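Asker: Have a look at the structure that comes next, please.
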Amino acid sequence: PASGVPKLVDVEAPAADAALLAKTVVLKLNGGLGTSMGLDYAKSLLKVKGADTFLDLTAKQIMQMREDLQTNVKFVLMNSFATSADTMAFFKEKYPALYADPNLEFVQNKVPKIRRDNFEPALWPTKPSVEWCPPGHGDLYAALLGSGTLAAMLASGSKYLFVSNSDNLGATLDPKLLSYFARSKAPFMMECCARTSNDKKGGHLASRDGQLILREAAQCPDEDEDQFQDISKHRYFNTNNLWIDLEALKAIMTAHGGVVPLPMIKNKKTVDPKDDASTPVFQLETAMGAAIECFKGATAIVVPRTRFAPVKKCNALLLLRSDAYACVNSVPVLAEGVSAAPS
């Protein structure tokens, strides 16, 4: 089990100043279509509060921070082949100042879905677009390098990268967290939350030979399942909010031939996600949080559950839209007197 993980509430660090923020890039993963919610376009374009979508609220957060701190906090999107066009059209129309940045987006790679019976690329002539998929958010690192975005970030003087999912509006750029990460000199830091009974089947933070690792259910032997799900033993899960030293990332990728050596995940799906009778396939993916085992000296920090509020199902979206949440500085927060059980 991972032990001795510090808590943000106990951390003493000043808020990051303008000079530190100017070296920081906020990167949102925006490649998901939200197929689990019945969508066939970018989930981040769903309305969350009033007329504001996920991307509206994120854009407003960035612009407000730039105005308040008088510093150019950089903002980048990792889109997929399925979300790029709609997302960029949205920014061109509503946020031309952000759209004007030539480095606003880079597009992650795509790979063929693999038939489970013969391991050949799956074909679906009635809808060829579903034959392809993004290779998981672990593709972040290869896409950063291959697109030239990593080189551009370093050339512009950026050093710190904060990564989170576009559907997690709790994952804001926290100046205190940034300052703590910068002062730690760690190459990589994962934000974790305490596991509850609702989280016992999901992956967790662990330690192997003194190195922090991310352990997913697919990597757990059957005989160890009870221990895997013991939340009193394995106490923390990954929020997918990551802090990365860009220079350390470049060094690791150079040492490994242009990749971060992440474990492969075989996801069982059907070629058409909306048709359970379509060809059974594997989607070969990697998880970006698994990179914690690749950075010597990587750390983690336990953050409040408020920094982990992803929307994966329609019920979570309806909760956000309800009066239970109010928008404060473009961040949905629980209204006073309301409590919500962990999802």
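Asker: Of the conditions (1) surrounded by fewer than 16 Cβ atoms within 10 Å (Cβ to Cβ); (2) under 30 Å from residue 46 (Cβ atoms); (3) at pLDDT 95 or above, residue 161 satisfies every one except a single condition; which number is it?
Answerer: The single condition residue 161 does not satisfy is (1).
Asker: Within segment 246-267, how many residues are part of a helix (DSSP H, G or I) and surrounded by 16 or more Cβ atoms within 10 Å (Cβ to Cβ)?
Answerer: Final tally of qualifying residues: 6.
Let's see how each residue does on (1) in contact with a Lys or Arg (Cβ under 9 Å, 6 or more places away or on another chain); (2) among the aromatic types (Phe, Trp, Tyr):
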site: 224; (1), (2): no, no
site: 228; (1), (2): yes, yes
site: 231; (1), (2): yes, no
site: 249; (1), (2): no, no
site: 256; (1), (2): no, no
site: 264; (1), (2): no, no
site: 281; (1), (2): yes, no
site: 289; (1), (2): no, no
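Asker: Then there is this: Scan segment 230-245 and tell me whether some residue there is charged (D, E, K, R), open to solvent by 60 Å² or more (accessible area, probe 1.4 Å), over 22 Å from residue 303 (Cα atoms) and over 17 Å from the mean Cα position of the chain (by Cα).
Answerer: No: segment 230-245 contains no residue that is charged (D, E, K, R), open to solvent by 60 Å² or more (accessible area, probe 1.4 Å), over 22 Å from residue 303 (Cα atoms) and over 17 Å from the mean Cα position of the chain (by Cα).
Asker: Please determine, by comparing only the residues of segment 8-27 that are open to solvent by 70 Å² or more (accessible area, probe 1.4 Å) and of a type outside the set (A, V, I, L, M, F, W, C), which one is modelled with the highest pLDDT.
Answerer: Looking at residues that are open to solvent by 70 Å² or more (accessible area, probe 1.4 Å) and of a type outside the set (A, V, I, L, M, F, W, C), I get 23.
Asker: Right, residue 143: in a helix (DSSP H, G or I), open to solvent by 10 Å² or more (accessible area, probe 1.4 Å) and either touching a Pro at 6+ places or on another chain (Cβ under 6 Å) or modelled with pLDDT of 95 or more (or both) or not?
Answerer: Against the criterion (in a helix (DSSP H, G or I), open to solvent by 10 Å² or more (accessible area, probe 1.4 Å) and either touching a Pro at 6+ places or on another chain (Cβ under 6 Å) or modelled with pLDDT of 95 or more (or both)), residue 143 does not qualify.
Asker: Further question: Here is a check on your reading of the model: is residue 110 touching a Cys at 6+ places or on another chain (Cβ under 7 Å) and in contact (Cβ under 8 Å) with a residue 12 or more places away in the chain?
Answerer: Against the criterion (touching a Cys at 6+ places or on another chain (Cβ under 7 Å) and in contact (Cβ under 8 Å) with a residue 12 or more places away in the chain), residue 110 qualifies.
Asker: Which one is farthest from residue 58 (Cα to Cα) among residues in segment 124-140 that are open to solvent by 10 Å² or more (accessible area, probe 1.4 Å) and either outside any loop (DSSP other than H, G, I, E, B) or hydrophobic (A, V, I, L, M, F, W, C) (or both)?
Answerer: The extreme case among them is 124.
Asker: Of everything in segment 112-123, what is over 13 Å from residue 267 (Cβ atoms) and either within 24 Å of the chain's Cα centre (by Cα) or in a strand (DSSP E or B) (or both)? Give them in sequence order.
Answerer: Within segment 112-123, 112, 115, 121 meet the criteria.
The values are calculated or read from the model by the stated rules, or taken from the named source; none is laboratory data. None of these values were measured; they are calculated from a predicted model. Ideal geometry is used to build each Cβ from the backbone, glycine not excepted, and the neighbour counts take in all protein chains shown. Surface areas here come from the heavy atoms of the whole protein model, side chains and all, with no ligands, DNA or RNA. Shrake-Rupley method; radii C 1.70, N 1.55, O 1.52, S 1.80 Å.
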